[in-house]
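> Sharing a structure with you now.
What follows draws every value from the coordinates through simple rules; no lab data is involved. The shown structure was predicted, so the numbers you read here are calculated from the model rather than taken from an experiment. In this analysis, Cβ positions are derived from the backbone assuming ideal geometry, glycine residues included, and neighbour counts consider all displayed protein chains.
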Amino acid sequence: MAGYLARRLVAVVGVLWAMSILIFGIVHLLPGNVAYMILGEYALPAAVQALEAKLGLNDPLPVQYWRWFSGLLTGDLGQSLVMERPIAPLIVEAMGRSAVLAAISLALVAVAGIALGIHSATHRGTLVDRVLTLAQYFFIAVPEFFWCIVVILVFAAWLGWLPATGYTPLADGGVLRWAAHLILPVLTLVSGLIAHVSRLTRSSMIETLESNYILAARAKGVPERLVLRRHALPNALLPTITVLAVDVGILMGGIVVVESIFAYPGLGRLLIFAIENHDVPLLLAGMMVVTTVYALANLVADLLYAAVNPRIRYGRSVA
Amino acid sequence: MTVAAERAARPPLPSTLIMGAVVVALIVAAAIIGPWLSSYDPTVFAVRERLRPPSAAHWFGTDEFGRDVLARVLEGARYSLGIGLGATTISLVLGVPLGLLAAFRRDWMGEAIMRGVDLLISIPPILLGMLILAVTEPSLWKTVVAVGIVYVPIMTRIARSVALGLLAEDFVQAARARGEGAFYILAREILPNAWPPIIVETALRITFAILLGSALSFLGLGLQPPASEWGLLIAESRPFIEQAPWIGLAPGICLCILLVSVNLVGEGLRELLDPRLRGRGHG
Amino acid sequence: MTMLLRLALPAALAAVIALPDPAAAQGVLRIAVGTSLKLLDPAKTTTGEEYIFDNLVFNGLTRMRPDLEVEPELAESWSYTPDLKTWTFKLRKGVKFHNGREMTADDVIATYKRILDPATGSGPRSNYEMIDAMEAPDPYTVVFRLKYAYGGFADILSDRQVKILPRDLFDQMATAPVGTGPFVFKSYTPGDRLILTKNAAYFESGQPKLDGVELRIMPEMSVRIAALQAGDIDVLWELPPEQVKPLKSNPALRVDSVATASWDAAIMNNAIPPFNDPRVRKAFHLAVDKRDVVELTLFGEGAPTISPIPPTHPFFAKDVPVTKADPVAAKRLLREAGHPNGVKVPLVVPVGRPVRERLGVTLQQLAKPAGFDIEIQRVPFARYAAEVSGIAPFYVDGYFARPTIDTGTHPFLHSQGSWNARLFKYKNKTVDEALDKARLTGKPEEQKPLYIAMQKAMADDPPGYFAYAVNFACAYRVDVKDVATHPMRWFDLRAGYVAR
């Protein structure tokens, strides 16, 4: 296990390094001239050239890459071109707020999704199962951006129950206000994912329950509760674990939309700001952070997968 | 269980499949012949008819330019269907073979595939789509390709994880013990048994592809106005959402109906195809 | 149980919302804006949101009132020589920066030197290119010597970016700005809020009345409106035209819409086909009736224009009629210009500027019968500078009001004008002469016939499609008192207060 972990960690570092090259490459394909963006539309060509030289934009790409990457290694994320302020504190603050949103949502998705899925699977065909299945179909289908608009329309504009903005600082009015502002964004983020996870858990649970070894266990007279907990659950949760890791990515994507609409000052908003304003250092730093978080989530999923499935022996071939 | 008994036990088509297929068929039909059904041109303005609520003349009301919302939604169905099917086909055709290969060849090749997957999968789909579309001028086919590429790694991963599970199964190990070749095992043992989960996933993937395509349009990176792609229609309706909610609700609800019915088709197919659901174990 | 839930849940939620917002309790005015401020250094600001900030934290030598008259601010008074080339400003004594240091003539001169230095990258630098030299005979007097006579010099010193900054703190302006204004910078979280507190030592005694101001950044218009209706914010800056009528009917709100000189146009590049031929430009004006454009794009919240001079201004040429749509005449003109089958041209519109996007779609549709086959291309506004302005043949753009008619017209329409060089590349002798002459006189009665002649020349030979002057509206909770919508799109909050 330790060897496997070490190998996977090395792989993650490798992926991140490759990612830094990929992102750097894509970002430098972005159309638009950075110097113009900073100096504004009516900058004189001489001023544009002077700034380009100052920022090192005329150096060959590998040189620029190395300057950026070596800074990255020493923890220097550079300075936002558009805002003229250091990037690190911007990213750290925004990431903290996004992490809160993501953590609450993911915890809800995992707990509610798995619980609902198992309940449906073990109560197949009952009214509850049918209602849940129907709800799953519906919630998987509602796009976040449409859902945002609908919940704002209903809960904020028509009913006036909840604030339409997604953020208020904790220091500014206490936990209750802070939590009230989080309800709509979290609701929007999790509805589709809970449906996704519970549906997957249900179908893999049903499959497992009908597989031979469960039938065999039942035939041997193992109590149903034990069959579920000891035999069915670990196998049934395998696809769920993979999907949860994928869902971290969907969640991060959803956060981009949700943060924009609910005025939540997180990493997603910062990334959109960076793309819109062509703030290359900010965009690079933001993408690297997102990628790192996501790679780690996938690593955790892989480790869990390996830990739960006894047949996969940490990367050795199953011959 | 004998073959005859199995035939006799074959259940009728699942109701989910029938319901889903009927609705999808209706939407496809509406997308194809809809523009002839509607007496309104989806692009023509009518200043005096602006922001009218749904009525007998305009079933879904009119938008801020007095355009008929129904006519625009009908036209938009083509885009959403096209993006969903096109992109999923791309990810399926590229992703599944890669995934099977990666599961089977657990040497440098499998490693290379999975590291490539890790690389692409490390960018959340919407951000990858945004990056791809941000560096090029947006257009319909670029949206399709971008969404397709975004989902290749996920398809690969799912196919691999399904195949990995199957590789550990006794019947595959038995085939290996018989000395069967890689292609035989992949094509004859793994693929037929891998289909059901892949089909379920594909149905989900179509939904996600339609979703991502419309989300990108919503963010301004996909189709361009006056095109009536549903995500774009919803985005454009935002300033009027309280005054004239029908402008955004109509395409939004249609999008949801399309996605639900595509999902139903997937679920129905799964019920139909998955041998385990018919009570047959494998091996 | 369900009954109880149905009653209890909303009540509980309502109780949570009703929790007092500490900011509201303290007499803090909360203003909702759409996009994050990029820079806090007034010399480099470029967006409406940043201009609000400029006018709360800083002062200029002069100030423009909501009625567009210019009055003294940091300058107590000023005088000029009869040739309009030497301007002497007497500064107020005892005005302190937020760090406690007194503002003197050296700060004024350093500020303007910085604006004039191309390396600073200040947007309106070219508006001040007439400044030849500056001197400070004593700490409270600044003398500007101009290269040429300029009648509106005191007026242009009221502009957004030329705020007087402490000469020793230029470097920290981006992160910790310091000014002399009624409010003091406290903190800024991009994407969330900018917090300002009262300047207790403000030089105009008794002001400001508010304890503070917060700019809340909320990208989504429907969220801003819901938040305003719920009382989460007090002021909604820049209400889109389609919302003016619906929100006016809400008794908890006050909607204040004013005519402004801000204009939108379909910019035509006069240097490249198809709009290098004046007949094609003219044909487009025959194709589209500006009154229809105002109705479709602005829901009536604006008025057709000919140039950047707004219809509300005394210099507006009232006797030039608004052209009725005449597709037949437009087609004839296109045929003469060598386009018998019409003109196919892409029109770039900015993503995220809904009114200007709507202008693009409006023009696309209305110009169709006259043979203009327009394809809309949406480009993020941030990419305009590098890819669109001066390059695309046809694109939608717009500009905020300038402090004087000269600064609003000369750079845009004169063949040597700095903005014209990037926008229209327009050359018209009559227009050039009128602009040059009007600039040299400070007397409105001499300027008026010149500007009217210019507009007539432009009606015959249009540089591009100046669509309209747009009204500017803000929505306020009714308990916000003594705050008016400013036609320059910023706020003067010195006298404002919240009656809570």
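> Give me a comma-separated list of calculated 3J(HN,Hα) values for segment C:419-429, in order, Karplus coefficients 6.51, -1.76, 1.60 applied at θ = phi - 60°, integers in Hz, x for any Gly or Pro.
Coupling constants for segment C:419-429: 6, 4, 4, 9, 8, 8, 6, 8, 9, 8, 4 Hz.
> Just want to confirm a number: the relative contact order over chain C, from Cα pairs under 8 angstrom separated by 6+ residues, in percent. Display every interim value, and only then the final one.
Working: 1043 pairs, mean separation 99.2, N = 500.
It comes to 20 percent, rounded to a whole number.
> While we're here: Mind checking the mean number of beta-carbon atoms from other chains within 10 Å of the Cβ atoms in A:250-257?
Numbers: counts 7, 1, 5, 12, 4, 2, 6, 4.
Going residue by residue through A:250-257 and averaging, the value is 5.
> Between A:Val222, C:Tyr399, C:Ala265, whose Cα lies farthest towards the positive end of the dipole of the protein assembly as shown when Lys and Arg beta carbons carry +1 and Asp and Glu beta carbons carry -1, centred on the Cα centre?
Going by the Cα projections, it comes out as A:Val222.
> Taking Cα centroids, how far is segment C:241-273 from segment A:224-272 in Å?
With segment C:241-273 and segment A:224-272 each reduced to a Cα centre, they are spaced 43 Å.
> How compact and how long is the protein assembly as shown, expressed as Rg and Dmax of its alpha-carbon atoms in Å?
According to the Cα coordinates of the protein assembly as shown, Rg and Dmax are 32.1, 112 Å.
> Could you list, in their original order, any pairs among C:Lys38/C:Lys163; C:Lys44/C:Lys427; C:Lys85/C:Lys425; C:Lys186/C:Lys209; C:Lys44/C:Lys425 whose Cα atoms are separated by more than 20 Å?
Numbers: C:Lys38/C:Lys163 17 Å; C:Lys44/C:Lys427 30 Å; C:Lys85/C:Lys425 30 Å; C:Lys186/C:Lys209 17 Å; C:Lys44/C:Lys425 25 Å.
Among C:Lys38/C:Lys163; C:Lys44/C:Lys427; C:Lys85/C:Lys425; C:Lys186/C:Lys209; C:Lys44/C:Lys425, the Cα-Cα distance tops 20 Å for C:Lys44/C:Lys427; C:Lys85/C:Lys425; C:Lys44/C:Lys425.
> Place +1 on the Cβ of every Lys and Arg and -1 on the Cβ of every Asp and Glu in the protein assembly as shown, take the dipole about the Cα centre, and give the residue among B:Ser55, B:Leu255, C:Gly34 whose Cα lies farthest towards its positive end.
Result: B:Leu255, furthest along the dipole toward the positive end.
> For a quick protection proxy, order the peptides C:302-315, A:3-16 by their average other-Cβ count within 10 Å, most packed first. Could the numbers behind the result be given before it?
On the way: C:302-315: 20.6, A:3-16: 14.4.
So the peptides C:302-315, A:3-16, ranked by packing, come out C:302-315, A:3-16.
> Note down the magnitude of the dipole of chain C about its Cα centre, charges +1 on Lys and Arg C-beta and -1 on Asp and Glu C-beta and zero elsewhere, to the nearest 20 debye. Numbers along the way, then the final one.
On the way: 61 positive and 58 negative charges, 147 e Å.
Roughly 700 debye for chain C.
> Among DSSP bridges having both ends in the protein assembly as shown, what percentage is antiparallel? Round to the nearest 5. Numbers along the way, then the final one.
Values: 55 of 73 bridges.
Taking every DSSP beta bridge with both residues in the protein assembly as shown, the antiparallel ones total about 75 percent.
> To the nearest µm²/s, what D does Stokes-Einstein give for chain C at 25 °C and 0.890 mPa s, using the Kirkwood radius over alpha carbon pairs as Rh? Before the final figure, lay out the partial values.
Numbers: Rh = 24.3 Å.
Stokes-Einstein gives a translational diffusion coefficient of 101 µm²/s.
> C:Thr305's amide H: which non-local residues (gap 5+, or another chain) put their own amide H closer than 5 Å, with H modeled 1.01 Å from N in plane and none for Pro or chain starts?
Close amide H contacts, sequence-distant or interchain: C:Tyr468, C:Ala469.
> Turning to a different aspect of this structure: Over all residues in C:361-372, what is the mean tally of Cβ atoms on other chains that come within 10 Å of each residue's Cβ? Write out the running numbers ahead of the final one.
On the way: counts 8, 2, 0, 3, 6, 1, 0, 3, 0, 0, 0, 0.
Partner-chain Cβ atoms within 10 Å, mean over residues of C:361-372: 2.
> For labels at A:Leu176 and C:Ser249 in the simple 7 Å Cα→Cβ model, what's the distance in nm?
It works out to 3.5 nm between the two label points.
> For a quick check: with amide H placed at 1.01 Å from N, whose amide H comes under 5 Å from C:Gln377's, ignoring anything fewer than 5 positions away on the same chain?
Distant-sequence amide H within range of C:Gln377: C:Leu347, C:Val348, C:Val349.
> How far apart, in nanometres, would the label points at B:Ala187 and B:Arg105 be if each is projected 7 angstrom from Cα along the Cα-to-Cβ direction?
1.6
> What's the average, rounded to a whole number, of partner chain beta-carbon atoms within 10 Å of each residue's beta-carbon in C:388-395? All intermediate terms of the calculation are to be shown ahead of the outcome.
Values: counts 1, 3, 2, 0, 0, 0, 0, 0.
Across the residues of C:388-395, the mean count of other-chain Cβ atoms within 10 Å is 1.
> Treating only the Cβ of Lys, Arg, Asp and Glu as charged (+1, +1, -1, -1), what charge dipole size does the protein assembly as shown show about its Cα centre? Round to the nearest 20 debye.
Roughly 2500 debye, rounded to the nearest 20.
> State to the nearest 20 debye the size of the charge dipole of segment C:263-470 about its Cα centre, where the only charges are +1 on K and R beta carbons and -1 on D and E beta carbons.
Numbers: 27 positive and 22 negative charges, 43 e Å.
Roughly 200 debye for segment C:263-470.
> Between A:Thr122 and C:Asn341, what is the label-to-label distance in nm when each label sits 7 Å out along the Cα-to-Cβ direction?
Taking the simple label geometry, A:Thr122 and C:Asn341 are separated by 7.3 nm.
> Also: Per residue of segment C:254-267, what does 6.51 cos²θ - 1.76 cosθ + 1.60 with θ = phi - 60° give for ³J(HN,Hα)? Whole Hz please, x for Gly and Pro, Karplus curve as stated.
10, 10, 10, 10, 10, 6, 9, 9, 5, 10, 10, 8, 8, 6
> Where does each of A:270-278, C:64-72, C:106-114 land if you order them by average Cβ count within 10 Å, highest first?
Taking the mean over residues of other Cβ atoms within 10 Å, the ranking is A:270-278, C:106-114, C:64-72.
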